[in-house]
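**Student:** This is the structure, below, for whatever I ask next.
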Amino acid sequence: MPSAFDRVLATRLGMAAVEAIAHGHWGTMVSLKGTAIESVHFDEALGRLKTVPQERWDEAKLLFG
């Protein structure tokens, strides 16, 4: 069930996406960085493989089996 934070974040991201479209910022996506919503170019966001550290996998295995 979405929390109040989830609902507000979804609204903020949606507003930022509409603003990016209105300003013609094609080839970008909106993202959360800290508490700020930023527009990021696809090349910057997707340009390299991002991996999950092994200790995070180990934590998830403990929590979820």
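Only the coordinates and a few stated rules stand behind these numbers; no lab work does. The structure displayed is predicted, hence computed values, not measured ones. Every residue, glycine among them, receives a Cβ derived from its backbone with ideal geometry; neighbour counts consider all protein chains shown.
**Student:** Would you pick out the residues in the stretch 36-51 that are β-branched (Val, Ile, Thr) and under 23 Å from HIS23 (Cα atoms)?
**Tutor:** Here is the first cut: in the stretch 36-51, the ones β-branched (Val, Ile, Thr) are 37, 40, 51.
ILE37, VAL40 - these are the residues of the stretch 36-51 that are β-branched (Val, Ile, Thr) and under 23 Å from HIS23 (Cα atoms).
**Student:** Something else: For the stretch 16-65, give me each residue that is free of Cβ contacts under 8 Å to residues at least 12 places away in the same chain, among the hydrophobic types (A, V, I, L, M, F, W, C) and out of contact with any helix residue (DSSP H, G or I) (no Cβ under 9 Å at 6 or more places or on another chain).
**Tutor:** Listed by number, the residues that qualify are VAL18, ILE21, ALA22, ALA36, LEU46, LEU49, TRP57, ALA60, LEU62, LEU63, PHE64.
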